[in-house]
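Since the structure comes first, as structure tokens, the remarks are kept for the end.
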Amino acid sequence: MFKDLIMKNRSVRKYHQNVPVSRETLMELVDLARLSGSAGNRQSLKFLLSWEPEKNATIFKHIGLAGQPQEGERPSAYIIILGDTEIAKEFGVDPGIVAQSMLLGAVEKGLGGCMIAMINRKGLHIALNIPARYEICLVVCIGKPKETFVIETVQKKDDLEIRGWWDERGVRHIPKRKLEELIVE
Ligand SMILES: Cc1cc2nc3c(=O)[nH]c(=O)nc-3n(C[C@H](O)[C@H](O)[C@H](O)COP(=O)(O)O)c2cc1C
């Protein structure tokens, strides 16, 4: 069921870092991105893959992954979504579209991940020697989840609640607004 896939697709912050994710798996995920919609079908996004510990460590240093997982609980792989400025000057919502396609693909494979917009873009550009023509849009973490999740209904509507929380057993609680609340009459 498609809804099950959506329910399982949670933003994972703790991973079994010892479970590797191969380049081949990442290529399969990028193929889902390739087949996704793109404004004007410009297909201006490119992808930088990382599945080796050294490069992973460099990427981790430049992203803000909530919960700040310790070594051993960090993602096993990353896909950096790059905007190719020789194809387009703005990338609009395309990075979000492809990120979601890849995350759903990862979940279907028994993996999980998280979109990361909080990026030290300048630092990552330099650290990975990314050519100037590419703009860093989003980073997608991939790995074997080491967390379980519970979806809650938003009650108090304050900022602290909406961010979600981990309980004493390490279960992540994610509040979502009620369906009726989303409809504008
Ligand atoms: C566009 C986008 C950017 C995000 N950036 C970050 C980020 O920089 N760091 C992080 O830990 N989580 C990030 N997240 C994950 C959100 O915090 C997460 O979606 C939210 O807490 C709800 O959890 P859920 O994805 O499990 O429903 C991002 C999610 C989206 C859609």
Derived scalar couplings ³J(HN,Hα) [the stretch 131-147; Karplus, 6.51 cos²θ - 1.76 cosθ + 1.60; whole Hz; x for Gly, Pro]: x, 4, 5, 9, 9, 7, 8, 8, 10, 10, 7, 9, x, 8, x, 10, 9
Peptide ranges 8-14, 174-180 listed from the most packed, as the mean C-beta count within 10 angstrom indicates: 8-14, 174-180
Cβ charges +1 (Lys, Arg) and -1 (Asp, Glu), total dipole of the chain, debye: 220
Selection of trypsin sites (Lys or Arg not before Pro), the stretch 16-101, meeting DSSP coil and at most 12 other Cβ within 10 Å: LYS89
Simple label model, 7 Å out from Cα along Cβ direction - ASN18 to ALA132, nm: 4.6
Contact order normalised by residue count of the chain, Cα under 8 Å, 6+ apart, percent: 28
Listed residues GLY110, VAL171, HIS125: farthest to the positive end of the dipole of the chain (Cβ charges): HIS125
Estimated vicinal HN-Hα couplings, Hz - the stretch 101-113 in sequence order (Karplus 6.51, -1.76, 1.60; Gly, Pro = x): 4, 5, 5, 5, x, 5, 4, 4, 8, x, 9, x, x
Under Karplus coefficients 6.51, -1.76 and 1.60, residue-wise ³J(HN,Hα) of the stretch 32-47 in Hz, glycine/proline x: 5, 5, 4, 8, 7, x, 8, 4, x, 6, 5, 6, 8, 9, 10, 9
Estimated [θ] at 222 nm from DSSP helical runs (n ≥ 4, -39500 (n - 2.57)) normalised by residues in the chain, nearest 500: -8000 deg cm²/dmol
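Read-outs throughout are calculated quantities, based only on the coordinates presented, and are distinct from any laboratory measurement. If you're wondering where the values come from, they're calculated on a predicted model, not measured in any experiment. Using ideal geometry, Cβ is built from the backbone for each residue, glycine included, and neighbour counts are taken over all protein chains shown.
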